[in-house]
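> Attaching a single structure in C-alpha cells format; questions to follow.
The values are calculated or read from the model by the stated rules, or taken from the named source; none is laboratory data. On a predicted model such as this, the values are computed, not experimentally measured, just so you know. Because the Cβ atoms are built from the backbone with ideal geometry, glycine has one as well, and the counts that use them run over all protein chains shown. When the accessible area is computed, the model is the full protein with side chains, heavy atoms only, and any ligands, DNA or RNA have been set aside. Shrake-Rupley method; radii C 1.70, N 1.55, O 1.52, S 1.80 Å.
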Amino acid sequence: MRRIAVLTSGGDAPGMNAAIRAVVRKGLNAGLCIIGVRRGYAGLVADDMVGLDAGSVADIIHRGGTVLRTARSQEFMTDDGFNKALAALSARNIDGLVVIGGDGSFRGAQKLYEHGVLTVGIPGTIDNDIPAFEETIGFDTAVNTAVQAIDRIRDTATSHERTFIIEVMGRGAGHIALEAGLAAGAESIIVPEERLEWQEVCDRIKRGHLRGKLHTIIVVCEGAGKGFEVGDFVAGCTGFDTRVTVLGHVQRGGTPTARDRVIASKLGALAVDLLVAGQGGVVVGIKNGQAISLPINEALRSVPSFDRDAYKLAAILAQ
Ligand code: ATP
C-alpha cells in the first residue's frame, strides 16, 4: 500500500473536511502518498485528482462543506464511466480509496472493491441513515443547527402567540426531526417512522391552548410531509395564527460541532489503518462509542432503526 485516494460523494455534511484531514495526516504519518479526488465519483471518471500534503488540509477542521467538492455522478453508474474510473485509479497506481458519503456512495465503493480496488467507506451524511452505526458525520451539527433555529423561532412564537410549523431535512429518515424536536421541546414531531394523524396534532394544540399555552412548535421531517401542507391543515383546523419555516440547506452548512470533528477524526484514521492492513470492501462507523468496521454489504443490509422511546418521551414532555 503506497498510494491512496480520498473523495467525498453524495450530499455534503459538516465534518467531511475533518475526515479528509484525518485521512491525509494519518496516511502521511503511515508513509503513504495521498491523492484527493475532486467532485466524488465524477472526478474519478474524469481523472480530476490532486496530490495532498499536510499543508493542503491545514485550517479546514472547523469548516463546513468539503474542500474536495462533492457530486452525484450518473456516468459512474454506466459501464463506460465505471471503466474510466478504474483506468484512472490504475494509471495513477492508487491502491486504496476512502469514500466519504452515504449509502449510495458505499454501493459505488462496493462495486470498485469487487473490481479489485481496496475501498473503505466513511459515513458522512446529515440524515444519520446508516443504521449499522449510531451516528454519521454531520448529524450532530445538523441537529444543533436546527435546534438553534427553533429556539429563535420559539422567541417570536411566544411574543405573537403563534403556532409554528418547522420543516427539517430527512428524505427517508426522521432522526434530525426527532432529536431537534426533543431538544427544542416541540409539541408534535411528524416523522416517516411513526404514524401521527395531523388531526391529533391539532387536538394537542387546542388542548395546550386551553391550559394557557401561548405558542406551539411542530417539527415536520421533509420525508413525512410538506411543512406548508401541514401549516394549511393546522391553520384550518385550529383557526390559530400559524406560520411555516422550512429550514432547508442551512442544516447542511456551518461549523461542525466538536462531536462531529471527533468522530470524523477517529473514522478517518481507522480507514487508513484498514487500508494499510490490506482490508477493503468495508465501512467504518461508531458503535457503542467505538470506531469499528463492517463489510459494506452487511452495513447496507442493516434494518433501519428509530428511537421510539425518545419519540414517545418527546410527546409526554411536551404535554
Ligand atoms: P446522501 O445520503 O447524502 O444522499 P449518498 O452517498 O447516498 O449520499 P447518492 O446520490 O445515493 O448519495 O450516491 C452518490 C453517488 O454514488 C451516485 O451519484 C453514484 O455515482 C454512486 N452510486 C450510487 N449508487 C450506486 C450503485 N448502486 N452502484 C454504483 N455507484 C453508485
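> Read through the list (1) at pLDDT below 95; (2) away from the ligand (no atom under 11 Å from the Cβ); (3) open to solvent by 10 Å² or more (accessible area, probe 1.4 Å); (4) not basic (Lys, Arg), then give the number of the only condition that SER90 fails.
The failed condition is (1).
> Note down all Cβ pairs under 6 Å where the first residue falls in segment 74-98 and is assigned by TED's automatic domain parsing to the domain that holds MET49, the second is of a type in the set (Val, Ile, Thr) and within 12 Å of the ligand (Cβ to nearest atom), and they're at least six residues apart or on different chains.
Once the first residue is assigned by TED's automatic domain parsing to the domain that holds MET49 and sits in segment 74-98, its partners that are of a type in the set (Val, Ile, Thr) and within 12 Å of the ligand (Cβ to nearest atom) give GLU75/VAL45; PHE76/VAL45; GLY81/VAL45; LYS84/VAL45; ALA85/VAL45; LEU97/THR119.
> Which ones in segment 264-317 are of a type in the set (Gly, Ala, Ser), in contact with a helix residue (DSSP H, G or I) (Cβ under 8 Å, 6 or more places away or on another chain) and not in a helix (DSSP H, G or I)?
GLY280, GLY281, GLY285, ALA291, SER293 - these are the residues of segment 264-317 that are of a type in the set (Gly, Ala, Ser), in contact with a helix residue (DSSP H, G or I) (Cβ under 8 Å, 6 or more places away or on another chain) and not in a helix (DSSP H, G or I).
> Take the residues of segment 109-126 that are surrounded by 22 or more Cβ atoms within 10 Å (Cβ to Cβ) and among the β-branched types (Val, Ile, Thr): which is farthest from the ligand (Cβ to nearest atom)?
Per the stated criteria, the residue is VAL120.
> Restricting to segment 248-291, count the residues that are open to solvent by less than 50 Å² (accessible area, probe 1.4 Å) and either hydrophobic (A, V, I, L, M, F, W, C) or more than 15 Å from the chain's Cα centre (by Cα) (or both). Working first, answer last.
Going through segment 248-291, the residues open to solvent by less than 50 Å² (accessible area, probe 1.4 Å) turn out to be 248, 251, 253-254, 256-257, 260, 263-265, 267-272, 274-275, 278, 280-286, 289, 291.
Then keep just the ones that are either hydrophobic (A, V, I, L, M, F, W, C) or more than 15 Å from the chain's Cα centre (by Cα) (or both); that gives 263-265, 267-272, 274-275, 278, 280-284, 286, 289, 291.
Total satisfying the criteria: 20.
> If you don't mind, another one. If we scan segment 36-47, do we find a residue that is surrounded by fewer than 17 Cβ atoms within 10 Å (Cβ to Cβ), within 16 Å of the ligand (Cβ to nearest atom) and farther than 25 Å from ASP127 by Cα?
Residues of segment 36-47 surrounded by fewer than 17 Cβ atoms within 10 Å (Cβ to Cβ): 47.
Subset that is within 16 Å of the ligand (Cβ to nearest atom): 47.
When the remaining residues are screened for being farther than 25 Å from ASP127 by Cα, the result is 47.
Yes, because at least one residue in segment 36-47 is surrounded by fewer than 17 Cβ atoms within 10 Å (Cβ to Cβ), within 16 Å of the ligand (Cβ to nearest atom) and farther than 25 Å from ASP127 by Cα.
> Mind listing whichever residues of segment 284-316 are among the hydrophobic types (A, V, I, L, M, F, W, C) and out of contact with any strand residue (DSSP E or B) (no Cβ under 7 Å at 6 or more places or on another chain)? Give the steps one after another, and end with the answer.
From segment 284-316, those among the hydrophobic types (A, V, I, L, M, F, W, C) are 284, 286, 291-292, 294, 296, 299-300, 303, 306, 310, 313-316; that's our starting set.
Result: LEU300, VAL303, PHE306, ALA310, LEU313, ALA315, ILE316.
> Follow-up question, since we're still on this one. Is there a residue being open to solvent by 20 Å² or more (accessible area, probe 1.4 Å), more than 11 Å from the ligand (Cβ to nearest atom) and modelled with pLDDT under 95 anywhere in segment 132-139?
Going through segment 132-139, the residues open to solvent by 20 Å² or more (accessible area, probe 1.4 Å) turn out to be 134-135.
Okay, now just the ones that are also more than 11 Å from the ligand (Cβ to nearest atom), so 134-135.
Next, from what is left, pick out any that are modelled with pLDDT under 95: 134-135.
Scanning segment 132-139 turns up at least one residue that is open to solvent by 20 Å² or more (accessible area, probe 1.4 Å), more than 11 Å from the ligand (Cβ to nearest atom) and modelled with pLDDT under 95.
> In this structure, does ALA71 turn out to be open to solvent by 30 Å² or more (accessible area, probe 1.4 Å) and either more than 16 Å from the ligand (Cβ to nearest atom) or out of contact with any strand residue (DSSP E or B) (no Cβ under 8 Å at 6 or more places or on another chain) (or both)? Don't jump to the end; show me each part of the working.
Working: open to solvent by 30 Å² or more (accessible area, probe 1.4 Å): no; either more than 16 Å from the ligand (Cβ to nearest atom) or out of contact with any strand residue (DSSP E or B) (no Cβ under 8 Å at 6 or more places or on another chain) (or both): yes.
When the stated conditions are applied, ALA71 does not pass them.
> Now, a different point. Just to be sure I understand, how many residues within segment 165-188 are of a type in the set (Val, Ile, Thr) and either farther than 19 Å from VAL234 by Cα or open to solvent by 10 Å² or more (accessible area, probe 1.4 Å) (or both)?
First pass over segment 165-188, keeping only residues of a type in the set (Val, Ile, Thr): 165-166, 168, 176.
Next, only the ones that are either farther than 19 Å from VAL234 by Cα or open to solvent by 10 Å² or more (accessible area, probe 1.4 Å) (or both) stay: 176.
Of the residues in segment 165-188, 1 are of a type in the set (Val, Ile, Thr) and either farther than 19 Å from VAL234 by Cα or open to solvent by 10 Å² or more (accessible area, probe 1.4 Å) (or both).
> With the requirement that a residue be farther than 15 Å from GLY254 by Cβ and in contact with a Lys or Arg (Cβ under 8 Å, 6 or more places away or on another chain), what does segment 116-134 give you?
ASP127, ALA132, PHE133, GLU134
> Taking segment 144-172 as the region of interest, how many residues are within 16 Å of the ligand (Cβ to nearest atom) and closer than 30 Å to GLY212 by Cβ?
1
> Got a sec? Which of GLY212, GLY208, GLY225 is farther than 24 Å from GLY121 by Cβ, modelled with pLDDT under 95 and within 21 Å of the chain's Cα centre (by Cα)?
Working: GLY212 fails: within 21 Å of the chain's Cα centre (by Cα); GLY208 fails: within 21 Å of the chain's Cα centre (by Cα).
Unique residue meeting the criteria: GLY225.
> Kindly provide the set of residues from segment 1-35 that are open to solvent by less than 20 Å² (accessible area, probe 1.4 Å) and at positive phi, ordered by number.
Selection gives GLY10, GLY15.
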